[in-house]
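Let me begin by presenting the structure, written as structure tokens, before commenting on it.
The values are calculated or read from the model by the stated rules, or taken from the named source; none is laboratory data. Note that the structure is a prediction, hence the values are computed from the model and not measured. Backbone-built Cβ (ideal geometry, glycine too); neighbour counts: all protein chains shown. Side chains included, ligands, DNA and RNA excluded: accessible areas come from the protein's heavy atoms. Shrake-Rupley method; radii C 1.70, N 1.55, O 1.52, S 1.80 Å.
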Amino acid sequence: MSVFNYDKDSDGIVTITMDMTGPVNSMNEEYGQVMPATIERLEGEEALAGVVFASAKKTFFAGGNLDELLKFDSRDPAELFATISDAKAVMRRLELLPVPVVAAINGAALGGGYEICLCCNRRIAWNTASAVTGLPEVTLGLLPGGGGVVRLPRLLGLQKALPYLLEGKRVKPEKALADGLIDEIVDAHEDLVPRAKAWILANRDEPDAATQPWDRKGFRFPGGGADHPGVAQVIQMAPVMLLKKTRGLLPAPERILDIAVHAMKLDLDTALRVESRGFVSLFSSPVTKNMITAFFFQMKKVNGGAARPEAFPRATVNKLGILGAGMMGQGIACVAAQQGIEVVLKDLDIQAAEKGKDYSAGVFEWKVSKGRMEAAAAHAALDRIKATDQDEDLAGCDLIIEAVFEDMELKNRVTSSTEKFLSADGFWGSNTSTLPITRLAQASAHPEKFVGVHFFSPVDRMPLVELICGEKTSHETLARAFDFVQQIRKTPIVVNDSLGFFTSRVIGTQLMEAAQMVAEGLHPARIDAMGRAIGMPVGPLTVQDEVSLKLGVEVMETQLAMGLIKPEDDTTPAATELMLSLVKEFGRGGRHHGGGYFEYTDGGKKIWPQLLDLYYKPEVEISDEDIKQRLLFRTVIESLKCLEEGVLRSVADGNIGSILGIGAPAWTGGYIQFVNTYGLERFIARCDELAADYGERFRAPAIVADKLAAGETFV
């Protein structure tokens, strides 16, 4: 069977049904052979009335093939430029066929897939949620290399095109129709190709039906060209807004904007060459390599279940018990109920449980108002949550997750008193961020059915769940926990037991390093600014205020009392002393305790003035680069230690966990991937410099030297 099935009907319309080898259609080596041959055949076809491009796959066309792309040597850009130019020439020939061409979009058309659609004269989509369109290349550190940067502004106008180019927005058919990405939708899949043919028959005699708008004489950009006052203002302001968002750390959006603007002043063919040069230059960027590694290959590995034990069939949770209706418990209830799971939300009193349920009501109401959820679905999801103060309501739960305060004794009491209500094959999850799972599981009658299920706040928006295996956690329990996380549409990473596990342990080093620098005399505003400069969403002191200084001190005191940590192991003693002083002496417990490093008002926040009186020393000199690297390298080093010690089971889990869970900057590709493109030898040398200046905590772990000696990187 041909991978591009060619069928000409009695009306002279050829339907090309793309059915390439493998699960999706993509721009791989096979495509590079069949697409030119297909266009050549169409160019020579007699009595041709029109062409329909359709797909035999669930997706229309998945876009570029990154495996094929990475075969090119980034040190020799000429070969990649030539390959891209050849592919574009074929798409241009498609665009210049003398008959109407229609894309019949039955599923996702993203990246190169949507760029093929842009070369067609009309785009008709099946109105199904899976038929998303867009140009998401920027999320991988790339730009659309098949003409998307050039053609989309010509189709929509620059202002409407920029969110799709700079943010990688993907939209469902109704939104795509409203924004002009497609021209028509049909409600039934079987109507898709017939409707495409009907349009061709109705329009084949129209003079412009087979000519793209930008190939017509007198073409003008929708919304105006670069010299239009409104567009000129967008061009002037866009770089400022973009820099504010990317902080100069992500080259792809800047390159896309530059090309899109310049392409407005160039003819199409010249603009396409400029786009190709931009693509090639980005491809050789370390940032692009990092982002492709993490957001494509390693995300695929994690979500594909590389860490899930294989011997067990997929399982689902039908009834979920949640102990504790506070911030974490109510969030877990919300996401589970939305995915069709019956939820029992239990707290000590019914008022607290009902308040926890009210949180879901608010989230669902907001989603309905934004068109992200149907009112009937919201009502059904809320009905699935039973707020209660009765243990007996937990009877028959497939999974119970305790989400009570970080206190070992309290968690143990909860486990021993309610574990009996699990179904016969049910299992137990502890939503703890720091306490060792092996110790917690000692309170369980079935430690093999006990697993750590660490959610991140706010649960309904944070995509990651960290699964922690205790010493006795069975493979079956891990597999079922993994399935549950995917059931509620989260991304699971799997780690082994340790104090703080992976995510809390790593982010803790960064927060303590920031506190250490305050204690050394640096201005708090400068520390937060340098955190943002490396790509943190907000500064580290702001993070610590939001998380709660008071909670951090209480957890530290609990761990000391239990012997989980020792005072002599503290690598940032000045930071510890500062936190104890702020919380114990001055009552500065964080934002939700009246303020911490900052004072909060309705109008915003400002540094607590006494903090400067107590600690700020203007005479202390340290470069901005050192501040940034102290904040970044501490997290990278701790991530490497987690890998070295076996807390992390894979590099992929470390990178994805650091990005999705604790805000590792996207440009790094995750804290471990950062070392690969920084260079292992260079990393060791820089760690030695930081260690000499600021302490042994900055010394590179031995695993880096081992990899270097073996000629390997972290994969």
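Among the residues of segment 93-121, which ones are more than 30 Å from the chain's Cα centre (by Cα), under 15 Å from residue 32 (Cβ atoms) and not aliphatic (A, V, I, L, M)?
The one that is more than 30 Å from the chain's Cα centre (by Cα), under 15 Å from residue 32 (Cβ atoms) and not aliphatic (A, V, I, L, M): 93.
Given the condition more than 30 Å from residue 491 (Cβ to Cβ), touching a residue at least 60 places away in the same chain (Cβ under 8 Å) and not hydrophobic (A, V, I, L, M, F, W, C), answer yes or no: does some residue in segment 253-261 qualify?
No: segment 253-261 contains no residue that is more than 30 Å from residue 491 (Cβ to Cβ), touching a residue at least 60 places away in the same chain (Cβ under 8 Å) and not hydrophobic (A, V, I, L, M, F, W, C).
Kindly evaluate residue 649 against the criterion of being crowded, with 24+ Cβ neighbours inside 10 Å and either under 19 Å from residue 533 (Cα atoms) or not small (Gly, Ala, Ser) (or both).
no
Name the single residue, out of those in segment 109-147 being of a type in the set (D, E, K, R) and part of a strand (DSSP E or B), that is nearest to residue 181 (Cα to Cα).
Ranking the qualifying residues of segment 109-147, first place goes to 123.
Taking the condition of being outside any strand (DSSP E or B) and buried (at least 16 other Cβ atoms within 10 Å of the Cβ), how many residues in segment 406-441 meet it?
20
So which helices (runs of 4 or more DSSP H) are wholly in segment 497-570 and hold at least 1 residues that are under 26 Å from the mean Cα position of the chain (by Cα) and among the hydrophobic types (A, V, I, L, M, F, W, C)?
Helices (runs of 4 or more DSSP H) meeting the threshold: 503-520, 524-533, 540-547.
Within segment 343-360, count every residue that is under 15 Å from residue 460 (Cβ atoms) and either assigned to a loop (DSSP other than H, G, I, E, B) or within 26 Å of the chain's Cα centre (by Cα) (or both).
Residues in segment 343-360 being under 15 Å from residue 460 (Cβ atoms) and either assigned to a loop (DSSP other than H, G, I, E, B) or within 26 Å of the chain's Cα centre (by Cα) (or both): 2 in total.
Residue check: is residue 611 at pLDDT 95 or above, outside any loop (DSSP other than H, G, I, E, B) and touching a Pro at 6+ places or on another chain (Cβ under 7 Å)?
When the stated conditions are applied, residue 611 passes them.
Could you list all residues from segment 363-387 that are of a type outside the set (D, E, K, R) and within 21 Å of residue 401 (Cβ to Cβ)?
Looking only at segment 363-387, we keep the residues that are of a type outside the set (D, E, K, R), and these are 363-364, 366, 368-369, 371, 373, 375-382, 385, 387.
Residues satisfying the conditions are 363, 364, 381, 382, 385, 387.
Among the numbered criteria (1) at pLDDT below 95; (2) in contact with a Lys or Arg (Cβ under 9 Å, 6 or more places away or on another chain); (3) surrounded by fewer than 19 Cβ atoms within 10 Å (Cβ to Cβ), which one does residue 603 miss?
(2)
If I filter segment 124-131 for residues that are touching a strand residue (DSSP E or B) at 6+ places or on another chain (Cβ under 8 Å), among the aromatic types (Phe, Trp, Tyr) and open to solvent by less than 40 Å² (accessible area, probe 1.4 Å), do I get at least one hit?
Within segment 124-131 (the criterion being touching a strand residue (DSSP E or B) at 6+ places or on another chain (Cβ under 8 Å), among the aromatic types (Phe, Trp, Tyr) and open to solvent by less than 40 Å² (accessible area, probe 1.4 Å)), the answer is no, since none of the residues qualifies.
Of the residues that sit in segment 474-496 and are of a type in the set (Ser, Thr, Tyr) and outside any helix (DSSP H, G or I), which one is least open to solvent (accessible area, probe 1.4 Å)? Can you show your working first?
Quick first cut of segment 474-496, residues of a type in the set (Ser, Thr, Tyr) only: 474, 477, 491.
Still in the list and also outside any helix (DSSP H, G or I): 474, 491.
On the way: 474: 35, 491: 16 Å².
Among those residues, the one meeting the criterion is 491.
Would you check which residues across segment 60-97 are open to solvent by less than 60 Å² (accessible area, probe 1.4 Å) and of a type in the set (A, V, I, L, M) and list them?
Scanning segment 60-97 gives 62, 66, 69, 80, 82, 84, 87, 89, 90, 91, 94, 97.
Would you pick out the residues in segment 114-123 that are among the basic types (Lys, Arg) and either buried (at least 23 other Cβ atoms within 10 Å of the Cβ) or under 14 Å from residue 154 (Cα atoms) (or both)?
123
Go through (1) within 22 Å of residue 250 (Cβ to Cβ); (2) free of Cβ contacts under 8 Å to residues at least 60 places away in the same chain; (3) in contact with a helix residue (DSSP H, G or I) (Cβ under 6 Å, 6 or more places away or on another chain); (4) open to solvent by 10 Å² or more (accessible area, probe 1.4 Å) one by one and return the number of the condition residue 679 breaks.
(3)
Is it true that some residue in segment 307-315 is within 14 Å of residue 485 (Cβ to Cβ) and touching a Lys or Arg at 6+ places or on another chain (Cβ under 8 Å)?
Taking every residue of segment 307-315 in turn, at least one turns out to be within 14 Å of residue 485 (Cβ to Cβ) and touching a Lys or Arg at 6+ places or on another chain (Cβ under 8 Å).
Just to confirm my filter: which helices (runs of 4 or more DSSP H) fall fully inside segment 150-232 and include at least 3 residues that are surrounded by 20 or more Cβ atoms within 10 Å (Cβ to Cβ)?
Counting at least 3 such residues, we get 158-166, 192-203.
For residue 371, which of the numbered conditions (1) open to solvent by less than 60 Å² (accessible area, probe 1.4 Å); (2) over 27 Å from residue 466 (Cα atoms); (3) part of a loop (DSSP other than H, G, I, E, B) fails to hold?
Result: residue 371 fails condition (1) only.
If the Cβ limit is 8 Å and pairs must be 6+ apart or interchain, which residue in segment 563-579 that is exposed (fewer than 13 other Cβ atoms within 10 Å of the Cβ) pairs with which residue that is at pLDDT 95 or above?
So the pair list comes out empty.
Please verify whether segment 628-637 includes one or more residues that are open to solvent by less than 50 Å² (accessible area, probe 1.4 Å), touching a strand residue (DSSP E or B) at 6+ places or on another chain (Cβ under 7 Å) and modelled with pLDDT of 95 or more.
Scanning segment 628-637 turns up no residue that is open to solvent by less than 50 Å² (accessible area, probe 1.4 Å), touching a strand residue (DSSP E or B) at 6+ places or on another chain (Cβ under 7 Å) and modelled with pLDDT of 95 or more.
Name, by its number, the condition in (1) surrounded by fewer than 16 Cβ atoms within 10 Å (Cβ to Cβ); (2) touching a helix residue (DSSP H, G or I) at 6+ places or on another chain (Cβ under 9 Å); (3) in contact (Cβ under 8 Å) with a residue 40 or more places away in the chain; (4) charged (D, E, K, R) that does not hold for residue 349.
Condition (2) is where residue 349 drops out.
Go through segment 1-14 and give me each residue that's open to solvent by 10 Å² or more (accessible area, probe 1.4 Å), in a strand (DSSP E or B) and not aromatic (Phe, Trp, Tyr).
5, 7, 8
Only one of these is assigned to a helix (DSSP H, G or I) and modelled with pLDDT under 95: 67, 73. Name it.
On the way: 73 fails: assigned to a helix (DSSP H, G or I).
Just a single option satisfies the conditions, and that option is 67.
Which of the numbered conditions does residue 293 fail, given that it passes all the others? Conditions: (1) out of contact with any His (no Cβ under 7 Å at 6 or more places or on another chain); (2) open to solvent by 40 Å² or more (accessible area, probe 1.4 Å); (3) within 28 Å of residue 66 (Cβ to Cβ); (4) part of a helix (DSSP H, G or I).
The one condition residue 293 does not meet is (2).
Looking only at segment 580-602, decide whether some residue is over 21 Å from residue 537 (Cβ atoms), among the polar types (S, T, N, Q) and part of a loop (DSSP other than H, G, I, E, B).
Within segment 580-602, none of the residues are over 21 Å from residue 537 (Cβ atoms), among the polar types (S, T, N, Q) and part of a loop (DSSP other than H, G, I, E, B).
In segment 23-54, which residues are touching a strand residue (DSSP E or B) at 6+ places or on another chain (Cβ under 7 Å), open to solvent by less than 20 Å² (accessible area, probe 1.4 Å) and not in a loop (DSSP other than H, G, I, E, B)?
Passing the criteria: 38, 42, 50, 51, 52, 53, 54.
Does segment 64-72 include one or more residues that are at positive phi and within 26 Å of the chain's Cα centre (by Cα)? Talk me through it step by step, then tell me what you get.
Step one: list which residues in segment 64-72 are at positive phi, which gives none.
No - not one qualifying residue is present in segment 64-72.
For segment 384-426, name all the residues that are more than 22 Å from residue 337 (Cβ to Cβ) and small (Gly, Ala, Ser).
416, 417, 424 - these are the residues of segment 384-426 that are more than 22 Å from residue 337 (Cβ to Cβ) and small (Gly, Ala, Ser).
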